[in-house]
Amino acid sequence: MKIVKFILPLLILGLGAVGFVYFQVNTPDSEPLERTVRIPVVAAQAVEKQAVTPTLTVFGRVETPNLSTLTAGIEADVHQVLVWEGNPVQKGQLLITMDTGDSELELLQRQAEVMEIEAQIESDHIRYAADQQALESEQALLAITTKEVARARTLAQSSAGTQATLDTALKDEQRQQLAIVQRRQSIDDFASRQRLWNARLDKARAALRRTQRDIGRSRIVAPFSGRIVEVMVSPGDRPAHGKPLVRLYDDQRLEVRAQVPGQHIQRLRTALEHNEPIHAHTLESETPLTLDRLSSSIAEGQGGVDAFFRSDQPLPELGRTVSLLLSLPEIDDAVLVEINALYGNHQVYLIKEGKLHSRKIRLLGQRQDETGTFLVLDGTDFQAGELILQSRLSQAIHGLEVNVDGFEIQ
């Protein structure tokens, strides 16, 4: 029994090994699995060149060239504030009044200075006339004094007069000659005195006009019709000279400033030079606009040129950001493709002999119509009939094999 228990397991293992070998020998060999590569099925379109008016979406900001900050012309207390932020105003409308007490006192002083100088000028004219009359009298007196000297000299020589009488006569003659010299000097100085007084009068009148202007500046009025942006003072404030009081803008001169990529600027400049209208409209409200001008400079770090658009219709509030759809000048030999055809920023794929071939392109804008949005490509490097990949492939690469399911001729 012990021998049987020992041999039985060995017998079972042996039979199992024999069966395994038998099945290994008699089982037919299986063919290895082949790995298949799936070729993507794609859509394509044939190249067709045509004249296209591309569009370009840009973002702009509502601005105005007439944005004024009115400042204090005098240092005085604010008396009244008649407008507030958002109020519409008309040209010449009174906005703010300031206290004129100090300026009115100064005005009285300046007026008195002018009157004083005018009186001095009038007095000098009277003095000049009197000097002319006095000169004639003094010349007559000199003639009499000269005769007296001659007579005193004759008497002194004949011992009928004294030397003292002659000396007295000579002194009177010299004194009269000195009086005539002084009178003539006063007459000759009349023109110089007049120039001096007139200069002082001009200076006093300038100070008077300055004071009158300052009083006028106490009334802050609107330089044009528009709308108030900000009021910086309140009644009772005493702003310094030159401090801002109120800001307003001309709501009839609103425009949209938008930055246009540099690649489109030359065509826009050419259109403006030939008076060809360039139209646009806001995407938010369909407000029509027309290109008015292009900026003459580019700020540091700026990639495009600022364009300014005007509209005959009301625009949104000053400072509002708007989206514009700009219609660019018409382009000949352009190619329209769907948005999916663009890979990266400047690349599409052509399909030649069932394989993809990358092609660098120049994007000229977009075109939007009732059928959708299309990209406008420069057709210079394309041949009519070439196939452009329209499908979006994540594994798209030059040389990739594809099957074209069909394409749409555009």
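The values are calculated or read from the model by the stated rules, or taken from the named source; none is laboratory data. Values in this document were obtained by computation on a predicted structure and should not be read as measured data. Neighbour counts run over all protein chains shown; Cβ positions are idealised from the backbone, glycine included.
Check the stretch 168-186 and report whether any residue there is part of a loop (DSSP other than H, G, I, E, B) and of a type outside the set (D, E).
No: zero hits.
Looking at A140, is it at pLDDT below 85 and touching an Asp or Glu at 6+ places or on another chain (Cβ under 7 Å)?
In short, no.
Quick one: A384 ticks every box in (1) hydrophobic (A, V, I, L, M, F, W, C); (2) in a loop (DSSP other than H, G, I, E, B); (3) over 17 Å from V335 (Cβ atoms) except a single one, so which number is it?
(3)
When residues of the stretch 36-83 are filtered for being under 25 Å from the mean Cα position of the chain (by Cα), part of a loop (DSSP other than H, G, I, E, B) and of a type outside the set (G, A, S), how many remain?
Looking only at that region, the number is 3.
Considering the stretch 94-133 alone, what residues qualify as being touching a Ser or Thr at 6+ places or on another chain (Cβ under 9 Å) and closer than 30 Å to Q174 by Cβ?
Of everything in the stretch 94-133, those that are touching a Ser or Thr at 6+ places or on another chain (Cβ under 9 Å) and closer than 30 Å to Q174 by Cβ turn out to be R127, Y128, D131.
Per-residue answers, yes or no, for (1) out of contact with any strand residue (DSSP E or B) (no Cβ under 9 Å at 6 or more places or on another chain); (2) over 21 Å from T64 (Cβ atoms):
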{"residue": "H241", "(1), (2)": "no, yes"}
{"residue": "L245", "(1), (2)": "no, no"}
{"residue": "Y249", "(1), (2)": "no, no"}
{"residue": "A258", "(1), (2)": "no, no"}
{"residue": "P261", "(1), (2)": "no, yes"}
{"residue": "T270", "(1), (2)": "yes, yes"}
{"residue": "N275", "(1), (2)": "yes, yes"}
{"residue": "I278", "(1), (2)": "no, no"}
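Do we find a residue being over 30 Å from G262 (Cα atoms), out of contact with any helix residue (DSSP H, G or I) (no Cβ under 9 Å at 6 or more places or on another chain) and β-branched (V, I, T) anywhere in the stretch 60-72?
Yes.
Which residue pairs have Cβ atoms under 7 Å apart, sit 6 or more places apart or on different chains, and have a first residue in the stretch 334-345 that is within 13 Å of T373 (Cα to Cα) and a second that is polar (S, T, N, Q)?
Close Cβ pairs satisfying both conditions: L336/Q410; V337/Q45; E338/Q390; I339/T373; N340/Q390; N340/S391; A341/Q390.
Which of (1) free of Cβ contacts under 8 Å to residues at least 60 places away in the same chain; (2) assigned to a loop (DSSP other than H, G, I, E, B); (3) closer than 30 Å to R61 by Cα does A396 not meet, given it meets every other one?
Result: A396 passes all but (3).
Yes or no: the stretch 61-82 includes at least one residue that is more than 30 Å from R217 (Cα to Cα) and either in contact (Cβ under 8 Å) with a residue 12 or more places away in the chain or not assigned by TED's automatic domain parsing to the domain that holds D188 (or both).
Yes, the conditions are met somewhere in the stretch 61-82.
Do you know which of the residues in the stretch 84-116 that are touching a residue at least 40 places away in the same chain (Cβ under 8 Å) and of a type in the set (A, V, I, L, M, F, W, C) is farthest from V231 (Cα to Cα)?
Within the stretch 84-116, the match that is farthest from V231 (Cα to Cα) is V114.
For the stretch 256-310, give me each residue that is crowded, with 16+ Cβ neighbours inside 10 Å and without any contact (Cβ under 8 Å) to a residue 12 or more places away in the chain.
Residues satisfying the conditions do not exist here.
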